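First up is the structure itself, then whatever we jot down about it.
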Amino acid sequence: MTAPSDNADNPTKNQHYVPQGYLRNFSTKDQIFAYDKSERRKFKTNVRYVAAETYFYDSDELEKITGDRQFIEKYLRRPEALYADLVRGLIESLYTAS
């Protein structure tokens, strides 16, 4: 099993469970409103800082199988990028269709 290569010396720390490409559809200049349920407050932030956790996908077990602790993070990059391009194209076509 191989995932897209990446520099092992520079692992991805902030890993999104909701892709940034998806979040950007709800943002203005990468700024989005978020809500913190535990603190019961809303705030404006960059899409880089929401729906993410430190080393969310890293796995010791997967590292034993694949040899790469960040296999999932690397594997998801391509489909997430393709999805973001597809959705961006669809949205742009809606605005230019009229």
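If you stretched the chain out fully between A97 and I65, how much longer would it get, using 0.36 nm times the residue separation minus the C-alpha to C-alpha distance?
That pair, A97 and I65, stretches by 6.7 nm at full extension.
Please list, ordered by chain and number, the residues whose modelled amide H lies under 5 Å from the amide H of F56; skip anything fewer than 5 residues away on the same chain.
Q15
Once you have a ≥ b ≥ c as the square roots of the Cα gyration tensor eigenvalues for the range 24-69, tell me rounded if a/c is under 1.5, and otherwise prolate or oblate according to whether a/b is larger than b/c.
The shape class here is oblate.
Output the relative contact order of the chain, whole-number percent, from Cα pairs under 8 angstrom with separation of 6+ residues.
31 percent
Could you work out which residue, out of S27, S38, S59, moves most in a Gaussian network model of the chain, that is, has the largest mean-square fluctuation with Cα springs under 10 Å?
Sorting by GNM fluctuation, first place goes to S38.
Across the Cα atoms of the range 14-96, what radius of gyration and what greatest pairwise Cα-Cα distance (Dmax) are found, in Å?
In order Rg, Dmax, the Cα atoms of the range 14-96 give 15.6, 49 Å.
Mean-square fluctuation check for the chain, GNM, Cα pairs under 10 Å: which of Q20, Q31, Q70 is largest?
Q31
Find how much the distance from K42 to R88 grows on full extension, using 0.36 nm per residue of separation minus their present alpha carbon separation; answer in nm with one decimal.
13.9 nm
Here, each number is a calculation from the coordinates, and none is a lab measurement. All values derive from a computational prediction rather than experimental measurement.
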